[in-house]
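Have a look at the structure below, then the notes.
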Amino acid sequence: MNTLLLVIALLLAAAMLGAAWVSIRVHRVATAMLAAGLVSLFASVMFLLLAAPDVAMTEAAIGSGLTTFLFFFVLGRVRGGRDD
Amino acid sequence: MDKLVNKHRSGRLRSGIILFFVLMLFWLMLSSQLRIDVFVIGTIVALVIVLLYGDGLSFLTELRLTPKAILTGFQYYGYFFKELFKSNFKLAGIVLSPSLPINPAIVKVRTRLQSRMGRLMLANSITLTPGTLSVEMDGEWLYVHWVCMETADIEQATARIVSGFESYLEVMYG
Amino acid sequence: MIRNFAVLLLLLGLAGIFIHLMQGYIPATELNQSAHYYAAHSAEDLGAANIVTAIIVTYRGLDTLGEVTVLFLAATIIGMVLANGHKAQRSLQRQLPPSGELLTTASRLLTPLILLFGAYVFVNGHLTPGGGFQGGAILASAALLLLLTDPLKRFSHRLIAVVESLSGLLFIAIGVLGMVLAGGFLDSRILPTGAFGTLFSAGSIPLIYSLIGLKVGAEFTSMLNNLAETEKS
Amino acid sequence: MMDWIAMTTGFILILMGLYGALTHRNILRIIVSFTLANTGVNLVLVSVGYMLGRTAPILDKAVPMAEAVTRIIDPLPQALVLTAIVIGLGITAMMLTYAYKLYEAKGSLDIASYRELKW
Amino acid sequence: MEAIMDIIGGLLMVGGACFLLFGGLGLIRMPDIYNRIQAGSKTTTLGTLLTLAGAACLQPAWGWKLLLIGIFLIFTNPVSAQVLASTAHRRGAHQSPLTEVDRLAEDREGKA
Amino acid sequence: MVEILIMLAAGITGAAFLLALGRFVLGPSRFDRVVAFDVLTVIAITFIVLAALLENRGIYLDAALVYALLSFLGVIAIARYLEGRF
């Protein structure tokens, strides 16, 4: 059973690194923000696997709604700037 | 005029009370234990929420409180889950077949429902059932994306997509 | 080009430090001294089933006070920075397309549930994972849902300010009471410890965490409110 | 083993975030990279407290009070990270607010256009 | 008795996972955004519900919380799917050439 | 027997996860990425339930509850941005 958790953790770690790579390499700002949200989502599950449900819950509560909203709100306000 | 205001106020009171009881039910489910301290705190929290956010809805706010409506509610959920399974198997069939037999279209259907909860549940049910996805609701018109379009005619599409759920929801919510 | 090279050099140095750290890392097999103390004593002394909560609220209560202060400062600074600009006028606001009937109904339906869940999370902070910070974030998420449904929706500044300052004051008052009645600042044993595992247990921990939750929720809501009040340039 | 995976991921995330923050020119991209590095730091801190074969520091039926010392992991890093995440959101909101104000003042998000800050 | 419940729970979980897999497959194979939303919303809802039911069979004590997760999922998942579809239509997202009828676009043009 | 079934379920869920991730990386338009994001959140709920089962701790479910209740907020925020409403 422990091995299964380990495999899930490996999968999540790989996905997290992939999402982070997308986030810093992609051309569009919106996609970068979306990928950062994905990293936060995977990090939350990872915290749970590391036996830290409190931290996982905090990351879930904050990463699922508030952070995404803040980023996209400011992006929407400044859109039309030259550097999109 | 006075009567109307009174009716509105009593309706508000009724919906507030119903919301309170639904919140209590959810609180007890969340705590999953029946003890006096859980009950006390739950009462306080639900009361504060009802006072702060008075125009909240709940699953039961617009439900007609007749035995028939409640019975229909159970039938509705049975039908809903049956359709959910059917839709998933259908979608699995589409996805797994190599030729991808789809025929998408956005069709327009009509609904007779008036209450907000009924309309929300209708749209949600349509989203979750065979091959259809509600895109937009505009008055009595509902625009539905259909993976395997069978007919573009409004009346026939209404009969295929909506009427199954509508017959139940009309009894429940009106 | 030079800049990128310098960045890569810096990151290589950092990576070297990290690799060195990882080579020196030996996974612990026993709890260290302080963790051992917390594990052995927090349940008996404070009656809190969630040891993380016990640490945050009581053992390191002063730190938490600092965190709440930092958050308060952040919210205040955001308010001050944004208050300088021209506030949006109702009449000047853009004509927005209607926000979809289904979303409106769904938000009416879900907002009370989200509020209830937030309250559950911070009231049960000493029994389940969760607590004031998470609960506050969930409360702010309910405000966010209202804001997303109706972009012109504004929350009452006065209500937010009253909730925030009242909960902050009560938090400090309970802390001082702990100094008077029990062992020190924010000591939770001013109330009876109660039966282990019930809602009314762990002294004043649930009370303090509820206050923290309300305060954090009010701060996040005021942040969202201030941001939403800015005008699109 | 789990802690090694998490720690490596956290360190690589920190490096990636710093790389992004140092090479991008758009302020919003820099802030996004900072949140990545923030997540990495949190991951490293939590993984330091992990112990093989132990479970979360919450006592209930599965972990009775008497077995707490031998069954739970180190709760201290979790308590630190818990508040750090909330503070991180506050800091992110503040950075975004500044970015918005800077954009209002200059009409651009490119850091190369803020010449007054150079000396 | 418990052994039978365990087997049923495990089978339910495998079934739910299969539906999740079909959802992922649909996400890859479907040609345009609306069909992908269909594949994404329906199958993930049922798949997660089945997984939750399986977990409830394995651990009956968690039943209430799993039921709550299911209720919330049923009410939030279609809402996000609908909002996304409506936004995609308003922004004129790419439609597959297979699409035969688009009443919504016709009505929009009629109004404008 | 049950262990094998759970392992199978976890494996299939992992495959679904990879497929959704592939749609996120490939996705030609932003909408496709948002759909993939939505699906990945729901799959994360499944992972959380699996972790709770494997570690036999019911309290882990609270995190799944948070995602079930709040995940649609992120999608709605992105949809609002894509509509150009902010």
Note to self: All but one of (1) open to solvent by 30 Å² or more (accessible area, probe 1.4 Å); (2) of a type in the set (A, V, I, L, M); (3) out of contact with any Phe, Trp or Tyr (no Cβ under 8 Å at 6 or more places or on another chain) hold for C:LEU62; state the number of the condition that does not hold.
What the structure shows: (3)
Next item on the list: For region C:163-172, indicate whether the set of residues that are among the acidic types (Asp, Glu) and more than 18 Å from the chain's Cα centre (by Cα) is non-empty.
Entry: no
Note to self: One residue is enough: does region B:160-168 have a residue meeting the conditions open to solvent by less than 20 Å² (accessible area, probe 1.4 Å) and acidic (Asp, Glu)?
What the structure shows: yes
Next item on the list: Tell me which residues, restricted to region A:22-58, are over 27 Å from D:VAL86 (Cβ atoms) and without any contact (Cβ under 8 Å) to a residue 12 or more places away in the chain.
Entry: A:ARG25, A:VAL26, A:HIS27
Check: Checking A:ALA51 against (1) part of a helix (DSSP H, G or I); (2) open to solvent by less than 10 Å² (accessible area, probe 1.4 Å); (3) not polar (S, T, N, Q), which single condition isn't satisfied?
Finding: (1)
Note to self: Return the pair list, or none, for Cβ contacts closer than 7 Å from residues in region D:1-30 that are closer than 21 Å to D:LEU96 by Cβ to residues that are of a type in the set (D, E, K, R), at least 6 apart or on different chains.
What the structure shows: D:GLY20/D:ARG29; D:ARG25/D:ASP110; D:ASN26/A:ASP83; D:ASN26/D:ASP110
Next item on the list: Report, ordered by the first and then the second residue, all pairs with beta carbons closer than 9 Å, sequence separation of six or more or different chains, a first member in region B:39-60 that is more than 10 Å from chain C (Cβ to nearest Cβ), and a second member that is modelled with pLDDT of 80 or more and open to solvent by 50 Å² or more (accessible area, probe 1.4 Å).
Entry: B:LEU60/B:PHE21
Next item on the list: Evaluate region B:115-124: report whether one residue or more is under 23 Å from C:ALA106 (Cα atoms), more than 13 Å from the chain's Cα centre (by Cα) and in contact (Cβ under 8 Å) with a residue 24 or more places away in the chain.
Entry: no
Notebook entry, point to check: Which of (1) of a type in the set (S, T, N, Q); (2) open to solvent by 10 Å² or more (accessible area, probe 1.4 Å); (3) at pLDDT 80 or above does D:SER113 not meet, given it meets every other one?
Noted result: (3)
Margin query: Looking at region D:8-56 only, could you name the residues that are open to solvent by less than 20 Å² (accessible area, probe 1.4 Å), in a loop (DSSP other than H, G, I, E, B) and within 8 Å of chain A (Cβ to nearest Cβ)?
Written below: D:GLY49, D:TYR50, D:ALA56
Margin query: Given the condition over 24 Å from B:MET117 (Cβ atoms) and touching a strand residue (DSSP E or B) at 6+ places or on another chain (Cβ under 8 Å), answer yes or no: does some residue in region E:49-57 qualify?
Written below: no
Item checked: Failed item, numbered, when D:LEU80 is tested on (1) at the interface with chain C (Cβ under 9 Å from one of its Cβ atoms); (2) open to solvent by 20 Å² or more (accessible area, probe 1.4 Å); (3) in contact with a strand residue (DSSP E or B) (Cβ under 9 Å, 6 or more places away or on another chain) -> (3)
Notebook entry, point to check: What number goes with the only condition from (1) part of a helix (DSSP H, G or I); (2) hydroxyl-bearing (Ser, Thr, Tyr); (3) modelled with pLDDT of 80 or more that B:THR158 does not pass?
Noted result: (3)
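To keep it simple, each residue is scored yes or no on (1) open to solvent by 20 Å² or more (accessible area, probe 1.4 Å); (2) more than 7 Å from chain E (Cβ to nearest Cβ); (3) not in a loop (DSSP other than H, G, I, E, B).
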residue: F:ILE4; (1), (2), (3): yes, yes, yes
residue: F:MET7; (1), (2), (3): yes, yes, yes
residue: F:ALA10; (1), (2), (3): no, yes, yes
residue: F:THR13; (1), (2), (3): no, no, yes
residue: F:ARG23; (1), (2), (3): no, no, yes
residue: F:ILE45; (1), (2), (3): no, no, yes
Next item on the list: Taking only region F:48-58 into account, find how many residues are buried (at least 24 other Cβ atoms within 10 Å of the Cβ) and more than 9 Å from chain E (Cβ to nearest Cβ).
Entry: 2
Check: Of the residues in region B:76-123, how many are within 23 Å of E:GLY15 (Cβ to Cβ) and either among the hydroxyl-bearing types (Ser, Thr, Tyr) or not assigned by TED's automatic domain parsing to the domain that holds B:GLU166 (or both)?
Finding: 4
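Would you confirm whether or not region B:61-76 contains a residue that is surrounded by fewer than 23 Cβ atoms within 10 Å (Cβ to Cβ) and within 8 Å of chain E (Cβ to nearest Cβ)?
No, there is no match, as no residue in region B:61-76 is surrounded by fewer than 23 Cβ atoms within 10 Å (Cβ to Cβ) and within 8 Å of chain E (Cβ to nearest Cβ).
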Next item on the list: Kindly check whether there is at least one residue in region E:95-111 that is within 9 Å of chain F (Cβ to nearest Cβ) and under 30 Å from B:GLU155 (Cβ atoms).
Entry: no
Check: Which is without any contact (Cβ under 8 Å) to a residue 24 or more places away in the chain and open to solvent by less than 30 Å² (accessible area, probe 1.4 Å), of C:GLY168, C:GLY184, C:GLY178?
Finding: C:GLY184
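For region C:59-156, which helices (runs of 4 or more DSSP H) that fit wholly inside it have 2 or more residues that are modelled with pLDDT of 85 or more, out of contact with any Lys or Arg (no Cβ under 7 Å at 6 or more places or on another chain) and over 30 Å from B:VAL38 (Cα atoms)?
The helices (runs of 4 or more DSSP H) meeting that bar are C:61-83.
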Next item on the list: Could you look through region C:1-41, keep only residues that are in a helix (DSSP H, G or I) and within 16 Å of D:PRO77 (Cα to Cα), and pick out the one that is most open to solvent (accessible area, probe 1.4 Å)?
Entry: C:GLN33
Item checked: Among the candidates C:SER222, C:SER167, residue that is at pLDDT 85 or above, assigned to a helix (DSSP H, G or I) and more than 14 Å from chain B (Cβ to nearest Cβ) -> C:SER222
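The values are calculated or read from the model by the stated rules, or taken from the named source; none is laboratory data. Note that the structure is predicted; figures quoted are calculated from it, not measured. A quick note on method: Cβ atoms are made from the backbone with ideal geometry, for glycine too, and the neighbour counts reach across all protein chains shown. Keep in mind that these areas ignore ligands, DNA and RNA; they rest on the heavy atoms of the full protein, side chains included. Shrake-Rupley method; radii C 1.70, N 1.55, O 1.52, S 1.80 Å.
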